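Step one of this worksheet: look at the structure below.
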Protein chains: 2
Amino acid sequence: MDSITQIAFNARQAANILQTVDTAQKSRALKLIIQKLASAKEDILKANRVDKELALQQVNAGKLSQSLYKRLDLEGAGKFETMLQGVADIDLLEDPVGKVLAATKLDTGLELYRVSCPVGVLLVIFEARPEVVVNIAALALKSSNAAILKGGKESLHTCTAISNAIREALDDACKASKDEDGSQQINIPANAVQVVESREDIDGLLKQDKYIDLVIPRGSNALVKHIQWNTRIPVLGHADGLCATYVAESAQLQLAKTVVVDAKTTYPAACNSTETLLVHESHLKTDFFYELAKTLVDNKVTLKCDAASLKALQDSKETPSFVSTAGDNVQESVPEDYDTEFLDLTLAIKTVGSVEEAMEHINEHGSKHTDAIITEDEKEAKQFMAGVDAAGVYWNASTRFADGFRYGFGAEVGVSTNKTHARGPVGLEGLVIYKYQLHGNGHATANYGTGAHQKPYLHERLPVDDRESLQELSNKRQRTE
Amino acid sequence: MDSITQIAFNARQAANILQTVDTAQKSRALKLIIQKLASAKEDILKANRVDKELALQQVNAGKLSQSLYKRLDLEGAGKFETMLQGVADIDLLEDPVGKVLAATKLDTGLELYRVSCPVGVLLVIFEARPEVVVNIAALALKSSNAAILKGGKESLHTCTAISNAIREALDDACKASKDEDGSQQINIPANAVQVVESREDIDGLLKQDKYIDLVIPRGSNALVKHIQWNTRIPVLGHADGLCATYVAESAQLQLAKTVVVDAKTTYPAACNSTETLLVHESHLKTDFFYELAKTLVDNKVTLKCDAASLKALQDSKETPSFVSTAGDNVQESVPEDYDTEFLDLTLAIKTVGSVEEAMEHINEHGSKHTDAIITEDEKEAKQFMAGVDAAGVYWNASTRFADGFRYGFGAEVGVSTNKTHARGPVGLEGLVIYKYQLHGNGHATANYGTGAHQKPYLHERLPVDDRESLQELSNKRQRTE
């Protein structure tokens, strides 16, 4: 077995064991990891200084950006402690594993349970920020998954120091538990968390579909696209975030200003920022569009206008004309602008004649991430939210709300523009799937049917609370029987 | 746009419209399809006779099996009517689209809904049986998906005649609705269902990941594997069904006999039949294993035994010896037998020393389909069900229960051994995903946080019944407010 296959195989072995680990064990492991990271703080920061020194040479040679260098730094005020707090926060989240999602009585003594369980082995690939190792390791353990992690090459020493501490914590816990009675047993192998170093490792791991169940790339468009095109393993993530906001005929001006300014300017580099503004043609004949455009330009936004919207601004009564005052901030658009994720304070503007036209534009040019309509017409809003094929469809709200923490998930694994498994901001539930448990008492299929001596299935739906674990459900059923 | 891209593009356009179609419209469309198929019965059977004639030439030339020829036939007693009844049954199923899966109040007037919606465009590839066109078209429409279908080349004329009837039904409905008032409107384009003819078409369509969201192959291991290896589009299905049953130390003999005979003999060619029997070593020292083996051989099963289990049978006291009487029905196994899906009355048998060893064998050699344990020990059963990584983990029940109809889904799209999206027998819910609807009133993200003039999110979980539609929920909320 070559070294790459060995890594994948080790992760699979760890994942098999992780399936049987309960919430209390995982919680103790996460607490031990916090302790171990705290006590290894100096070693980790020392490794971080090595990475920073090497990175600084790259910055000075013009080969690395100042912002990437900054993201590398773990020594900033409170940064290390925030990283540890993140693990404590994940520990407090509800365990996504072992939940009864559905239960059906097939016959007397024959009960079918759909129970959440871990996906298995995750391959997580990310760039620069070394604290992501801690975050992902904690998310993976909390959801009973094994993780193989690959950080940016600039953070190699830091990532390795961090993963060593995590693996030592798991190792110590395993050893300690062998000396104690069973009640405190922690049985999570160190191979639950592995860090790989090189890009070549990744290319090899992307072929390990026998052992790896899900790839999660967190990084640039180029990184995500490379991975999507080079593996058969399901990929959870998004390459593009091309969000649109449609200002419909009945939109209120003030509301539109608030929402569009928030959607464009609060963090232009984020994937949930609005890149395209669709405007109903009626607004070009009044001051509405002019007022909205002026507010955006006041907020330093560059507008790339189609012919109709540009003409409306040129025709506005102001002297000197708004367009001449705005200078480069108002430009004529080219077709590619409507397929561009600007990631800065640039906004493509297009005039449409109806909500149908807006929906058509979004379904053709969007990235299925998040799209919004500003309207006072409920029927139109519902039409938009049904007809736009995107993970998020918003009514009178900023596209920037598309975020796992804002949604209240407590953690975010990533944002997915996939059409299967998990969509939109993905919390811990994106790292679990389900299995069917069938509890019988010698039941055979030959006894069911329409023939002689055969009987029909009952298919009686049993009530379950979606927060209920199988153990709780079984206890409750026994009490009520 | 080449012809293949055009097909995929047409399906996407249809899918965009299908997103906005309600349950009543879909129900009327399904009823119209039944009517149209009934009135086109003679044309369809005529096409079927052409297919059969061509196929018979192949059979006579030894190029096609008699069983494939039989599967082609739509003229058998009641076959056509059963096909139509299938559509009526699907019409009666609960609509999987538009269900509120979760709801969270982020702030006053800012509510987040997770709502089920169609996956989009399905590419379904199947072999021989032409009635599958009707079944899949109905499942796709019921779940608001567009479908591109490819049947076996032997059933080409029949499939084309069927799809023509379905498309005419949709076309007629669209035209008719234009003359009426809005209340009876049906707006499902004929391109919601398209049939393609050649293998080359499929290879082209597998590249259309821009327009196609999910591929569902229903057929041989070779077909499924070919598709899995030749597309970036998610594939729902299973190549292998290598199910195991473990007879643990505390198993009851009679129960084990019932379950294993059912699991092996009721339909050996099915993917949910047991292919490997794991036996706890204790049973070799008593009559238990001998009795179980005898029952299996009495049921015409060929046993491929490992050295230990073979020796136990050779040592059994019967005269003449059981092994000599059984002849070819008891053989020594070779290592490959534990990785083989026999699909006939052959069973590989392996001796194991513990439930851990059984789990390890299954996790290494199984296909993550369905595996069972026969035991009287509840703790051991739970350990097995947690630690075996398979879509179905059964306790004292036959692996043959792994089936959408037996599970009570009312329909089966396929059986999935994937680790994401949908697992095990998949009903209509495997054809839907969700989107997040955010309903606001001019809400901007800049107002939330820990800064001055900022407020925290409420993240108040709103109660929803998982059968509830967004419309019902909204009505109820208005009544109680």
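Annotations
- Test: residue in region A:275-286 that is in contact with a Pro (Cβ under 8 Å, 6 or more places away or on another chain) and surrounded by 24 or more Cβ atoms within 10 Å (Cβ to Cβ): no
- Counting the residues of region B:316-328 that are more than 25 Å from B:T375 (Cβ to Cβ) and either open to solvent by 40 Å² or more (accessible area, probe 1.4 Å) or in a loop (DSSP other than H, G, I, E, B) (or both) gives 8.
- A:L68 vs. criteria under 25 Å from A:L214 (Cβ atoms), assigned by TED's automatic domain parsing to the domain that holds A:V224, within 28 Å of the chain's Cα centre (by Cα) and surrounded by fewer than 19 Cβ atoms within 10 Å (Cβ to Cβ): no
- Residue in region A:237-244 that is modelled with pLDDT under 90, of a type in the set (A, V, I, L, M) and farther than 18 Å from A:L37 by Cβ present: yes
- Complete set of residues in region A:403-461 that are small (G, A, S) and not in a strand (DSSP E or B): A:G404, A:G408, A:G410, A:A411, A:A422, A:G427, A:G430, A:A444, A:A446, A:G449, A:G451, A:A452
- Top-ranked residue in region B:358-381 [being touching a residue at least 12 places away in the same chain (Cβ under 8 Å) and farther than 13 Å from B:A244 by Cα; ranked as most open to solvent (accessible area, probe 1.4 Å)]: B:E376
- For region A:398-417, the candidate set comprises residues that are at the interface with another protein chain (Cβ under 8 Å from one of its Cβ atoms) and free of Cβ contacts under 8 Å to residues at least 40 places away in the same chain; within that set, the residue that is surrounded by the fewest Cβ atoms within 10 Å (Cβ to Cβ) is A:G408.
- Per-region count, region A:55-66, residues more than 17 Å from A:T158 (Cβ to Cβ) and either touching a residue at least 12 places away in the same chain (Cβ under 8 Å) or in a helix (DSSP H, G or I) (or both): 2
- Condition check for A:S144: touching a strand residue (DSSP E or B) at 6+ places or on another chain (Cβ under 6 Å), assigned by TED's automatic domain parsing to the domain that holds A:Q66 and part of a helix (DSSP H, G or I): no
- Residues (assigned to a strand (DSSP E or B) and either modelled with pLDDT under 95 or under 20 Å from A:A239 (Cα atoms) (or both)) located in region A:331-354: A:T346, A:L347, A:A348
- In region A:101-116, the residues that are within 10 Å of chain B (Cβ to nearest Cβ) and among the polar types (S, T, N, Q) form Cβ pairs under 8 Å with partners that are in a strand (DSSP E or B) and open to solvent by 10 Å² or more (accessible area, probe 1.4 Å), at six or more places apart or across chains, as follows: A:T104/A:E111; A:T104/A:E460; A:T104/A:R461; A:T104/A:L462.
- Options B:T266, B:T231; residue that is hydroxyl-bearing (S, T, Y) and under 21 Å from B:E341 (Cα atoms): B:T266
- Residue count, region B:314-331 (criterion: touching a strand residue (DSSP E or B) at 6+ places or on another chain (Cβ under 7 Å) and small (G, A, S)): 0
- Put simply, of A:A222, A:A263, A:A192 the only residue that is over 16 Å from A:A147 (Cα atoms) and away from chain B (no Cβ under 14 Å) is A:A222.
Residue-by-condition table, conditions (1) open to solvent by 10 Å² or more (accessible area, probe 1.4 Å); (2) farther than 22 Å from A:T450 by Cβ; (3) facing chain A (nearest Cβ under 9 Å):
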residue	(1), (2), (3)
B:V388	no, yes, yes
B:A391	no, yes, yes
B:N396	no, yes, yes
B:T420	yes, yes, yes
B:L431	no, yes, no
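- Hits in region B:372-383 - residues which are under 20 Å from B:P425 (Cβ atoms) and facing chain A (nearest Cβ under 10 Å): B:A372
- B:H459 vs. criteria surrounded by fewer than 18 Cβ atoms within 10 Å (Cβ to Cβ) and more than 10 Å from chain A (Cβ to nearest Cβ): no
- Test set (1) open to solvent by 40 Å² or more (accessible area, probe 1.4 Å); (2) at negative phi; (3) not aromatic (F, W, Y) - A:L343 fails condition number: (2)
- Test result for A:P425, open to solvent by 40 Å² or more (accessible area, probe 1.4 Å) and modelled with pLDDT of 95 or more: no
- Residue in region B:76-90 that is touching a Lys or Arg at 6+ places or on another chain (Cβ under 7 Å) and either over 30 Å from A:F401 (Cβ atoms) or free of Cβ contacts under 8 Å to residues at least 60 places away in the same chain (or both) present: yes
- Residue count, region B:42-60 (criterion: open to solvent by 60 Å² or more (accessible area, probe 1.4 Å) and either of a type outside the set (A, V, I, L, M, F, W, C) or not assigned by TED's automatic domain parsing to the domain that holds B:R167 (or both)): 8
- Checklist (1) at the interface with chain B (Cβ under 7 Å from one of its Cβ atoms); (2) in contact with a Leu (Cβ under 7 Å, 6 or more places away or on another chain); (3) of a type outside the set (A, V, I, L, M, F, W, C) applied to A:N441, failing item: (2)
- Flag if A:A102 is in a strand (DSSP E or B) and either more than 17 Å from the chain's Cα centre (by Cα) or closer than 29 Å to A:R49 by Cα (or both): yes
The values are calculated or read from the model by the stated rules, or taken from the named source; none is laboratory data. Computed from a predicted structure; not experimentally measured. Cβ: placed from backbone, ideal geometry, glycine included. Neighbour counts: every protein chain shown. Protein only, heavy atoms only, side chains kept; ligands, DNA and RNA dropped before computing areas. Shrake-Rupley method; radii C 1.70, N 1.55, O 1.52, S 1.80 Å.
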